[in-house]
1. So, in the stretch 206-225, how many residues would count as being in a helix (DSSP H, G or I) and either more than 14 Å from residue 245 (Cα to Cα) or within 14 Å of ligand 1 (Cβ to nearest atom) (or both)?
2. Residue pairs, Cβ under 7 Å, 6 or more apart or interchain, first in the stretch 35-51 and in contact (Cβ under 8 Å) with a residue 60 or more places away in the chain, second charged (D, E, K, R) and within 8 Å of ligand 2 (Cβ to nearest atom). List them.
3. Take the stretch 156-207 and flag every residue that is of a type in the set (A, V, I, L, M) and farther than 23 Å from residue 101 by Cα.
4. Quick check on the stretch 5-54: of everything there that is outside any strand (DSSP E or B) and of a type in the set (Val, Ile, Thr), which residue is surrounded by the most Cβ atoms within 10 Å (Cβ to Cβ)?
5. For the stretch 3-58, give me each residue that is modelled with pLDDT of 95 or more, of a type in the set (Val, Ile, Thr) and within 13 Å of ligand 1 (Cβ to nearest atom).
6. Looking only at residues in the stretch 77-103 that are assigned to a loop (DSSP other than H, G, I, E, B) and more than 16 Å from ligand 2 (Cβ to nearest atom), which one is modelled with the highest pLDDT?
7. Working only within the stretch 231-247, note down all residues that are part of a helix (DSSP H, G or I) and either crowded, with 22+ Cβ neighbours inside 10 Å or modelled with pLDDT of 95 or more (or both).
Amino acid sequence: MAIKIENLSYSYLQPFGEKVEALKNVSCSIADGDFVGIMGHTGCGKTTLLQLLAGLRAPTSGQIYVNGEEINAKGYDKSSLRQTVGVVFQNPEYQLFATTVEKDVAFGLKHSGLSRQEVTARVQWALETMGFDFAKIRSQSPLALSGGEKRRVAIAGVLARKPEILLFDEPIAGLDPYGRENFLRFVGEINQAGTTVLMVSHNMEALAEYTKHLLVLEQGRLIDSGPTREVFVRLKQRKNGAFGQTKAQKIATLLAEVKLPLSSGVVTYADLLSALKQELTGGGRG
Ligand SMILES: Nc1ncnc2c1ncn2[C@@H]1O[C@H](COP(=O)(O)OP(=O)(O)OP(=O)(O)O)[C@@H](O)[C@H]1O
Ligand SMILES: [Mg+2]
């Protein structure tokens, strides 16, 4: 489902009446089926943006359109937004509360109108999609699981509702490399299947390898957006150097310092490898 954001601003009101402008006049369009990464320093407004997109906060000014409908307009059915948009916040594992994994994942389907069997089938599908053996996990207490397992259960709870748009706030922070790869592969797959995905991450490699487009926030402003590779190349050219660069880009910078300049388009490890191969086979400067 497509999303359109127009002149979106949001201010938090502090206890003594001062305002914190968390988002300033942000505008962008996200196509149906896109996989969009959101990057920026801590405090730049990423989580606030996701909360607005999920309809959990109303903008101070500006509009958000989901599938052409303004979600904060009078008369808009917010319950349909909860169906459409699934959101996985930072450390979702802390939100598990039911006595069994199955009940926890089924919770979001309470008012879905699905029959009991349909709910069970959905819960099974969501847990299996997240890599669990349903028969083994269904009756376990969520509290008895590891941190990574809890997070997968929490994500299954959001998936079970089959949202058309999925928002992830730093989903891979704190996962080991194996868990990270697994998670990213799975998100890639559901995106391929048609789900629109927005993912906040501080992990430049994950953003470079998996997302199609990027939004870059700086102190509440959208300072760049576009196809992922193009944005990474532009960020490298900005003055503030290290911010928003992949390790492959940093390695290319180091190589350029010892007089081995590679293509400016090197963003991922695969790019780096093919640029080096080209250099060795004489396709470079010779
Ligand atoms: N509940 C709140 N009340 C007041 N100010 C807030 C609140 N939540 C966030 N802020 C402020 O709004 C700004 C944006 O915060 P936000 O949480 O959206 O940033 P973020 O980009 O998600 O950061 P991080 O990478 O650390 O998660 C920050 O300056 C923050 O201090
Ligand atoms: Mg945040």
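The values are calculated or read from the model by the stated rules, or taken from the named source; none is laboratory data. Predicted model only: the values in this text are computed from it and were never measured. As a convention, Cβ positions derive from the backbone with ideal geometry for all residues, glycine included, and neighbour counts pool all protein chains shown.
1. Within the stretch 206-225, residues that are in a helix (DSSP H, G or I) and either more than 14 Å from residue 245 (Cα to Cα) or within 14 Å of ligand 1 (Cβ to nearest atom) (or both) number 2.
2. Within 7 Å, the pairs are 38/46; 40/46; 47/169; 50/169.
3. 165, 193, 197, 198, 199, 200, 204, 206, 207
4. Of the stretch 5-54, the ones outside any strand (DSSP E or B) are 14-18, 31-34, 40-54.
Then drop every residue that is not of a type in the set (Val, Ile, Thr), which leaves 42, 47-48.
On the way: 42: 7, 47: 17, 48: 22.
So the residue we want is 48.
5. Matches in the stretch 3-58: 26, 38, 47, 48.
6. At the first step, the residues of the stretch 77-103 found to be assigned to a loop (DSSP other than H, G, I, E, B) are 77, 89-91, 96-100.
When the remaining residues are screened for being more than 16 Å from ligand 2 (Cβ to nearest atom), the result is 77, 96-100.
Details: 77: 89, 96: 85, 97: 84, 98: 90, 99: 92, 100: 95.
Here the residue is 100.
7. 231, 232, 235
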